[in-house]
Each structure stands twice: as structure tokens, then as C-alpha cells.
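In what follows, a single structure is set out as C-alpha cells and then discussed.
The values are calculated or read from the model by the stated rules, or taken from the named source; none is laboratory data. None of the values given here were measured: they were computed from a predicted structure. Note that each Cβ is placed from the backbone with ideal geometry, even for glycine, and that neighbours are counted across all protein chains shown.
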Amino acid sequence: MFNLCGFGAFYTKGRWEPLIGFVLISVSCFNRAQIKSPAELVRGHYSGNGAIGILGLTYKPDMDVIEEAFGLLLAQELLAANIPVVVFDPSADAARALGKNNTVRCAASAQECIAQSDVVVLATPWQEFS
């Protein structure tokens, strides 16, 4: 069996067998493993005062899907390191996405997120952030 990126089946006993669950789990594990490096980069610019702001929690602009999205994973990684985080996304329900974490603040606007942050990460390039 070959595990090729984007390949969702394997050939066995004369037929193709789907790997849908395996591929989704692999992609999820890959996405989570990749977040460590950008989180370290952000931490390197953080002074220890204020919060780290994250603009955008969705996969891409003009949608509301946040599961396993970069902005959400980054917020979770920083929160796990006890770093205060403030987020804003024009479409996502940030409070619901980040659960009952008392240290995350949900800003009412991009400007408010920036004003409350020591470092700001543009995680989703929404038009209103330009």
C-alpha cells in the first residue's frame, strides 16, 4: 500500500478499497503537526505583555468552516502554552470554536483585535483585513 498525498484508496485482492477515514485522519495529524513551527515563530516575537491577536479563524475567506483551520489551530496551540489570545473573524463563531477557554478574548472587529494585541497574525486573508 502506498500513502500518497491526495490518494484516497488502495488496491487489494483485485479491487480498490477506500481510505477515506485514514486520509482524513492523516491530513488532520499533518495539519496539527505543522502548527508547531509557526507557533514558535509567533512566540519569538511576543514580548510577554498583552496578547497575541489572530485575524481569521476560517480555512479561507468568505466561508465559515473552521475545523482544523490554521487560525484555530494556532489559537489552540498558543492557549495551551498559557499565552493570552485575542481573535477576530467576520464569519466564524470564535467563542464556540475555542470552547470554554477563559483566556481567549473575542474582539468585535479587526481594529479592536489589533489594538488589544502585542503581535498580530493574519491567518485568513479576508478582504476587510487589507
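Structure summary
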read-out: Test: residue in the range 84-94 that is more than 14 Å from the chain's Cα centre (by Cα) and acidic (Asp, Glu); value: no
read-out: Residue within the range 90-103 that is surrounded by 15 or more Cβ atoms within 10 Å (Cβ to Cβ), assigned to a strand (DSSP E or B) and either at pLDDT 90 or above or of a type outside the set (Val, Ile, Thr) (or both) present; value: no
read-out: Residues of the range 44-69 satisfying the condition of being surrounded by 14 or more Cβ atoms within 10 Å (Cβ to Cβ) and not in a loop (DSSP other than H, G, I, E, B); value: 51, 52, 53, 54, 55
read-out: Positions within the range 92-130 being out of contact with any strand residue (DSSP E or B) (no Cβ under 8 Å at 6 or more places or on another chain) and among the polar types (S, T, N, Q), in sequence order; value: 101, 102, 111, 127, 130
